[in-house]
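As structure tokens, the structure follows; a few thoughts come after it.
The values are calculated or read from the model by the stated rules, or taken from the named source; none is laboratory data. This structure is a prediction, so every number in the text was calculated from the model and none was measured. Neighbour counts are summed over all protein chains in view; Cβ atoms, including those assigned to glycine, are modelled from backbone coordinates with ideal geometry.
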Amino acid sequence: MYLEISNAHQATVHDMDNLRELQVRTHGATRDETDAALVAAGLGSVAADHAWLGVTALQAAGADRGDSWEQAFTDMIDHAGTQGWLSEDRLLVRAHLIED
């Protein structure tokens, strides 16, 4: 799954069935622009070298994908927790910023 920051600085979710990676692709947007796009879309924010994305917002983006997707998403979040990629309250998951 990845989030894309468009040239208009809007954030959209793509490749929802790929739950083996989580990225934010910036396409030349500055970190401030990326942060503003994520906040405006209700998807998260940028802190230091990573994006922190709302688990509930990501899950809601895939709400129409069925039970098997929900289980795979839960498994992805559980795995992120074992790697230290979740906030203490488990509401945010860390994602790579891919700045291109």
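Condition first: within 21 Å of R25 (Cβ to Cβ) and not β-branched (V, I, T). Now tell me which residues in region 84-97 satisfy that. Let's see the steps before the verdict.
Applying the first criterion (within 21 Å of R25 (Cβ to Cβ)) to region 84-97 yields 85, 92-97.
Residues satisfying the conditions are W85, L92, R94, A95, H96, L97.
Can you tell me which of (1) within 15 Å of E4 (Cβ to Cβ); (2) surrounded by fewer than 19 Cβ atoms within 10 Å (Cβ to Cβ); (3) of a type outside the set (S, T, N, Q) is the one D78 doesn't meet?
Looking at each condition in turn, D78 falls short on (1).
Please find, among G66, G84, G42, G62, the residue that is surrounded by fewer than 17 Cβ atoms within 10 Å (Cβ to Cβ), at pLDDT below 95 and not aromatic (F, W, Y).
Working: G84 fails: at pLDDT below 95; G42 fails: at pLDDT below 95; G62 fails: surrounded by fewer than 17 Cβ atoms within 10 Å (Cβ to Cβ).
Residue meeting the stated conditions: G66.
What is the residue count in region 1-21 for residues that are surrounded by 15 or more Cβ atoms within 10 Å (Cβ to Cβ) and in contact with a Phe, Trp or Tyr (Cβ under 7 Å, 6 or more places away or on another chain)?
Taking region 1-21 first, the residues surrounded by 15 or more Cβ atoms within 10 Å (Cβ to Cβ) are 1-5, 9, 11, 13, 16, 19.
In the following step, the residues that additionally are in contact with a Phe, Trp or Tyr (Cβ under 7 Å, 6 or more places away or on another chain) were identified as 19.
So the count comes out to 1.
Taking E33, is it part of a strand (DSSP E or B) and over 24 Å from E88 (Cα atoms)? Give the derivation first.
On the way: part of a strand (DSSP E or B): no; over 24 Å from E88 (Cα atoms): yes.
The answer is no for E33.
So that you can scan it fast, the table gives a plain yes or no per residue for (1) more than 16 Å from L92 (Cα to Cα); (2) under 11 Å from the mean Cα position of the chain (by Cα); (3) in contact (Cβ under 8 Å) with a residue 40 or more places away in the chain; (4) assigned to a strand (DSSP E or B):
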{"site": "E4", "(1), (2), (3), (4)": "yes, yes, no, yes"}
{"site": "A8", "(1), (2), (3), (4)": "yes, no, no, no"}
{"site": "R20", "(1), (2), (3), (4)": "yes, no, yes, no"}
{"site": "S45", "(1), (2), (3), (4)": "no, yes, no, yes"}
{"site": "W52", "(1), (2), (3), (4)": "no, yes, yes, yes"}
{"site": "A57", "(1), (2), (3), (4)": "no, yes, no, no"}
{"site": "A60", "(1), (2), (3), (4)": "no, no, no, no"}
{"site": "S68", "(1), (2), (3), (4)": "yes, no, no, no"}
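Give region 70-100 a look and list any residue that's of a type in the set (A, V, I, L, M, F, W, C), touching a residue at least 12 places away in the same chain (Cβ under 8 Å) and in a loop (DSSP other than H, G, I, E, B), or say none.
Scanning region 70-100 gives a single hit, L91.
Consider D15 carefully, then state whether it is at pLDDT 95 or above and among the acidic types (D, E). Write out each step before concluding.
On the way: at pLDDT 95 or above: yes; among the acidic types (D, E): yes.
Yes.
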